[in-house]
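These notes are about the structure you will find just below.
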């Protein structure tokens with residue numbers, strides 16, 4: 001039987017975000033959005049697990065519910081991989097998701113996280129879009145490791161979340177939902193750019209381990225505002 005949380009029902013089911021999955025990413029993302037003031041319903045395929053998590057965290061606005069409760073929210077964040085049944089889960093609830101903002105955080109990892117199960121000419125985000133053609137898909141948090149959510153600032157500064165999608169209104173809805181969370185969000189282009197973004201996670205993991213940063217590491221784009229071209233130290237050496 002699906003889990004139904006009495007507190008969620010008492011709240012009228014008016015969640016702004018449904019998070020499906022109580023693994024490392026699902027719990028942390030649900031907590032982050034709730035701490036930013038969003039009303040979040042957390043669901044798990046393990047009976048009682050979501051309620052156990054929400055009762056332990058005791059964050060205002062974070063409540064446990066069923067898969068049906070989570071998928072009924074105007075924005076949905078499934079926190080699981082393709083290898084673990086993401087496609088089957090979305091297919092089972094596709095009828096609930098017309099017009100829904102779906103935040104895809106998935107990467108197409110294989111079992112030992114050494115590579116991906118999809119070819120280079122597609123991405124997990126594009127698979128989700130194909131499964132849910134009437135939903136509004138945004139890819140985000142794909143390169144952010146779970147440990148970062150526990151202490152998201154680096155020397156007092158936020159790191160970046162690269163956001164991809166073909167629907168500008170969906171991106172705007174996502175940014176509004178993410179307001180107040182401890183990251184800087186950058187529009188990284190169309191959904192097909194998830195092919196590169198998802199593989200950035202493999203590179204981040206490898207470089208982070210070599211550098212001794214794993215698993216608390218993330219990226220931030222640095223630079224100077226290019227308002228007026230400024231000569232660099234090598235410019236005088238360039239010959240036409």
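The values are calculated or read from the model by the stated rules, or taken from the named source; none is laboratory data. What you are looking at is a predicted structure, and each value in this text was computed from that prediction instead of being measured. Glycine also receives a Cβ, built like all others from the backbone with ideal geometry; neighbour counts cover every protein chain displayed.
Yes or no: residue 75 under 23 Å from residue 126 (Cβ atoms) and in contact (Cβ under 8 Å) with a residue 24 or more places away in the chain? Lay out the reasoning, then the answer.
Working: under 23 Å from residue 126 (Cβ atoms): yes; in contact (Cβ under 8 Å) with a residue 24 or more places away in the chain: yes.
Yes; evaluated as a whole, the condition is true for this residue.
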message = Is it the case, given these coordinates, that residue 29 is assigned to a helix (DSSP H, G or I) and either modelled with pLDDT of 95 or more or buried (at least 20 other Cβ atoms within 10 Å of the Cβ) (or both)?
response = yes
request  = Considering only the stretch 142-158, state which residues are touching a helix residue (DSSP H, G or I) at 6+ places or on another chain (Cβ under 7 Å) and either under 13 Å from residue 102 (Cβ atoms) or crowded, with 18+ Cβ neighbours inside 10 Å (or both).
outcome  = 142, 143, 149
remark   = Residue set 138, 163, 128, 144; condition in contact with a strand residue (DSSP E or B) (Cβ under 7 Å, 6 or more places away or on another chain) and assigned to a loop (DSSP other than H, G, I, E, B); output residue 144
message = One residue is enough: does the stretch 142-157 have a residue meeting the conditions in contact (Cβ under 8 Å) with a residue 60 or more places away in the chain and more than 26 Å from residue 44 (Cβ to Cβ)?
response = yes
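Can residue 134 be described as more than 28 Å from residue 202 (Cα to Cα), surrounded by fewer than 23 Cβ atoms within 10 Å (Cβ to Cβ), modelled with pLDDT of 95 or more and touching a helix residue (DSSP H, G or I) at 6+ places or on another chain (Cβ under 9 Å)?
Against the criterion (more than 28 Å from residue 202 (Cα to Cα), surrounded by fewer than 23 Cβ atoms within 10 Å (Cβ to Cβ), modelled with pLDDT of 95 or more and touching a helix residue (DSSP H, G or I) at 6+ places or on another chain (Cβ under 9 Å)), residue 134 qualifies.
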Qualifying positions in the stretch 54-100 - assigned to a loop (DSSP other than H, G, I, E, B), within 22 Å of residue 175 (Cβ to Cβ) and touching a strand residue (DSSP E or B) at 6+ places or on another chain (Cβ under 8 Å) = 61, 73, 74, 79, 97, 99, 100
ask   = For the stretch 167-186, which residues satisfy the criterion of being buried (at least 16 other Cβ atoms within 10 Å of the Cβ) and free of Cβ contacts under 8 Å to residues at least 60 places away in the same chain?
value = 167, 171, 183, 185
message = Quick test of your reading of the structure: residue 37 fulfils all but one of (1) surrounded by 15 or more Cβ atoms within 10 Å (Cβ to Cβ); (2) on the phi > 0 side of the Ramachandran plot; (3) touching a residue at least 60 places away in the same chain (Cβ under 8 Å). Name the failing condition by number.
response = (1)
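Determine which member of the set 121, 112 is part of a loop (DSSP other than H, G, I, E, B) and touching a residue at least 40 places away in the same chain (Cβ under 8 Å). If you could, list the steps in order and put the result at the bottom.
Working: 112 fails: touching a residue at least 40 places away in the same chain (Cβ under 8 Å).
Being part of a loop (DSSP other than H, G, I, E, B) and touching a residue at least 40 places away in the same chain (Cβ under 8 Å) holds for just one of 121, 112, which is 121.
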Matching residues, the stretch 166-224, being within 15 Å of residue 105 (Cβ to Cβ), in contact with a strand residue (DSSP E or B) (Cβ under 8 Å, 6 or more places away or on another chain) and part of a loop (DSSP other than H, G, I, E, B) = 178, 183, 188, 218
Index of the failed condition, residue 108 passing every other in (1) under 19 Å from residue 89 (Cβ atoms); (2) out of contact with any strand residue (DSSP E or B) (no Cβ under 6 Å at 6 or more places or on another chain); (3) crowded, with 18+ Cβ neighbours inside 10 Å = (2)
